[in-house]
Amino acid sequence: MTGRPRRAYGGSPRAGSVAQAQDSAAEVARAGRPGSGLSRGSDDVASASTANPDDVAMRDVMRRYDQLGDEPPRFNVADNDAAYNTEGAHTIDRHGPDIPLRRDTTGKTIEGRIYGDDPWQKSATASYKWVDPSTMNRELNRYVRENWTAIRSDLAVDEFHESTFDAGHRVGQGYYNKGMYGAGPREAEYGETSLVRVRIKVVAGSDPAEPFIVSAFPAGLG
Amino acid sequence: MDTSGLPEAVRARIAERTALPAIDKVRALLHGYVSDAETLDEIRRDLRSTARTNTLFLQQYLTALETILSEPQTPGTLLRLVEGDGNWGIDHDQTDGGAAVFLAQLAQLLRDVIAEAG
């Protein structure tokens, strides 16, 4: 199955008006940690410029933005997963090219995730793995390089970025549930895909801000 | 508040994401926090991690979820959100009603982590 084109967040931005952006920026500070709870009323916005927690939140956004820098980082997924396993990095563990494709209930397989076979903990609608390590690293780094402006902004605001993009060629193989959407009993169907989903975070409490890949994987469904 | 120090790129990005329709915000939530998760605990952990930094977009996701759940949707929409975008099997009740139960559970998770961070 080849994915249909998707708009990555970083492409063709639909920026709003300046006023809208300024309102949103105020929201960032109001919603930022530490301080400013959601119980804040609109009256509090007017005094936000003197509210120390808001200033701290804005400074943290700026600090992360500055520290992340103009130059996009480069990732090696295997090294990333080894270094940030305790932070939740799991591309190789769930989508690595070496995971066996076909269902075998004696071990972890890509097809087995459709059924929730042990060690998977639930059934999934789609389960795909990278075709090879070089494709995995090349496509991930290409995405990061071409969308760094959006990624950097997201990481500055709340330390999280996600997007789905179309690599334009086969990057993954796996299975989807042919019985999805109530079409019938659960049944894994083989497919190939060009879609990739990426999730990037900043290590909690890192200063300077340290980005890592939570997971980057072929997504059978857009 | 003086926001002049906030880079234009950040302001434009916030405006872009804020302007998305509710359905696209729900899809972003599902893609980002649900589609590769194995358990609800994993979803909660990731949401909590973001909430500790900034709740701006999580609050928008919650509002979008509440909108989607409270307004009439084209038949199949909720089911596609959960099974497709969320990659979450609900074989026990493959209906919009079954999907609404899962999405309501997700909304409560969001309320909880936002309240914790507040």
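Only helices (runs of 4 or more DSSP H) whose full extent lies in region B:8-118 are considered here, and the ones with at least 3 residues that are of a type in the set (S, T, Y) and either at the interface with chain A (Cβ under 8 Å from one of its Cβ atoms) or in contact with a helix residue (DSSP H, G or I) (Cβ under 7 Å, 6 or more places away or on another chain) (or both) are B:40-53.
Cβ-Cβ distances below 9 Å connect the following pairs, each with a first residue in region A:73-95 that is in a loop (DSSP other than H, G, I, E, B), a second residue that is surrounded by 15 or more Cβ atoms within 10 Å (Cβ to Cβ) and among the basic types (K, R), and a separation of six or more residues or different chains: A:Y84/A:K201; A:G88/A:K201; A:A89/A:K201.
Number of residues in region B:15-69 that are open to solvent by less than 40 Å² (accessible area, probe 1.4 Å) and of a type outside the set (S, T, N, Q): the value is 30.
If only residues of region A:96-110 that are in contact (Cβ under 8 Å) with a residue 40 or more places away in the chain and away from chain B (no Cβ under 14 Å) are counted, the one that is farthest from A:D154 (Cα to Cα) is A:R103.
Within the option set A:R113, A:R152, being among the basic types (K, R), within 12 Å of chain B (Cβ to nearest Cβ) and open to solvent by less than 10 Å² (accessible area, probe 1.4 Å) holds for one residue only, A:R113.
Listed here are the residues, each with its yes/no results for (1) at the interface with chain B (Cβ under 9 Å from one of its Cβ atoms); (2) open to solvent by 30 Å² or more (accessible area, probe 1.4 Å); (3) without any contact (Cβ under 8 Å) to a residue 12 or more places away in the chain; (4) among the acidic types (D, E).
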| site | (1), (2), (3), (4) |
| --- | --- |
| A:L140 | no, no, no, no |
| A:V144 | no, no, no, no |
| A:H161 | yes, no, no, no |
| A:F165 | no, no, no, no |
| A:G174 | no, no, no, no |
| A:Y190 | no, yes, no, no |
| A:I200 | no, no, no, no |
| A:P211 | no, no, no, no |
| A:A216 | no, no, no, no |
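The values are calculated or read from the model by the stated rules, or taken from the named source; none is laboratory data. Predicted, not measured: the structure shown is a model, and the values here were computed from it. Every residue, glycine among them, receives a Cβ derived from its backbone with ideal geometry; neighbour counts consider all protein chains shown. Heavy atoms of the whole protein, side chains included, go into the accessibility calculation; ligands, DNA and RNA do not. Shrake-Rupley method; radii C 1.70, N 1.55, O 1.52, S 1.80 Å.
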